[in-house]
Amino acid sequence: MSLRGGVGRQLPLAVVAILLVTATCAAAANPFRRGAPPPSQTLNIAHAGASSIAPQNTLAAARAAFDLGADVWGVDVRLTGDEVFVLMHDETLERTTDAKKRFPSRAPWCVESFTLDEIRTLDAGSWFVRDDPFGQIGTGRLGAADLEGFIGEPVPTLREALEFVAEHQWLIDIEIKPVEASDHEWLARQLLDLITEAGIEDRAMISSFDHEILRAVRQLDPSIPIGVLAIFAPQDPVTYLTELSADIYLPSLVGYTDDLLRDLSEAGIGVHVWTYNAEDQLERLARTPGVTGIYTDFPQRLERILEYLNDEADG
């Protein structure tokens, strides 16, 4: 069973305990917070949803990941031209929507050059059916009804994503993509307001490669966890993360060592690594001390591994 109580591996009791704290202590109960009791098993974090079997950063991918037992939904967020947060990984709409076909004269189809109303007209699902990015359609993992259901899948707003999380009592990592010449305080305030409106202060964290946005979040609301994304580890990582008041460190495969994992664990800082899909890698990381979360496009694979490790520990 996952953190939220679906069918599967055993419920991590330490995390459930803090999630059941009364609403007046909601922020303090957030399991992403620095120093919070670590989960009894590594968090299964669905990278843009169950991206191997549904179009990434859509509600279809979220539903699939939730049903598969993922503990956390990791989403990528960008601003539209009229300053609305939408779920989108790339800087442009070309790869994962039909923007090129629908708006042929608008190259290079940057998200920030389109209004929300325009983005609402786009199909964010057909590309997945066409490209089969993870080969799961070719293996027969998805049936005709699944594929038909993806056609016309819309680009969701962050507000819609947060409403889904609230409805399903889930957890979410909101990765805000860097915005050139941005007002960091304004961005942070908009994100925090949406989290508050959705009532998920105890279930959300904000992460970014743009650490100035994270500083702004921390200054405006110290209760909402922040996650520091990095390709390479900063110089003196523990000191840097402590000065930033970071709760989670999110390194690439070259951004951490076993020694750093140990030091961060001793400092009460969680480590969520990204993005791994091979079963041997997932199992190795799930067994690695100090790794508290794994981002994967295959939450179904990681869920099986975590169930196996749980049975192994019980045996």
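The set of residues in the stretch 251-289 that are out of contact with any His (no Cβ under 6 Å at 6 or more places or on another chain) and of a type in the set (Ser, Thr, Tyr) comprises 252, 256, 257, 265, 276, 288.
Give me the residue from the stretch 219-229 that is more than 17 Å from residue 31 (Cα to Cα) and more than 15 Å from the chain's Cα centre (by Cα) and, out of that set, surrounded by the most Cβ atoms within 10 Å (Cβ to Cβ).
220
In the condition set (1) touching a Lys or Arg at 6+ places or on another chain (Cβ under 9 Å); (2) modelled with pLDDT under 85, residue 25 is compliant with all but (1). Step by step: first the residues of the stretch 176-208, then only those that are charged (D, E, K, R) and in contact (Cβ under 8 Å) with a residue 12 or more places away in the chain, then the one that is surrounded by the fewest Cβ atoms within 10 Å (Cβ to Cβ). Which residue is that? Among them, the one singled out is 197. Under 6 Å between Cβ atoms, which residue pairs at least 6 apart in sequence (or on different chains) link something in the stretch 240-255 that is over 18 Å from residue 43 (Cα atoms) with a partner that is in a strand (DSSP E or B) and of a type in the set (Gly, Ala, Ser)? Pairs that qualify, where the first residue is over 18 Å from residue 43 (Cα atoms) and the partner is in a strand (DSSP E or B) and of a type in the set (Gly, Ala, Ser), are 255/230. Out of 248, 305, one residue alone is touching a helix residue (DSSP H, G or I) at 6+ places or on another chain (Cβ under 6 Å), at pLDDT 95 or above, closer than 19 Å to residue 38 by Cβ and of a type in the set (Val, Ile, Thr). It is 305. Within the set 172, 176, the sole residue that is closer than 17 Å to residue 62 by Cβ and in contact with a helix residue (DSSP H, G or I) (Cβ under 9 Å, 6 or more places away or on another chain) turns out to be 172.
Of all residues in the stretch 241-250, one or more are within 28 Å of residue 166 (Cα to Cα), surrounded by 15 or more Cβ atoms within 10 Å (Cβ to Cβ) and in contact with a Pro (Cβ under 6 Å, 6 or more places away or on another chain).
The values are calculated or read from the model by the stated rules, or taken from the named source; none is laboratory data. Note that the coordinates shown come from a computational prediction; the quantities given were computed from them, not determined experimentally. All Cβ positions, glycine included, derive from the backbone under ideal geometry; neighbour counts span all protein chains shown.
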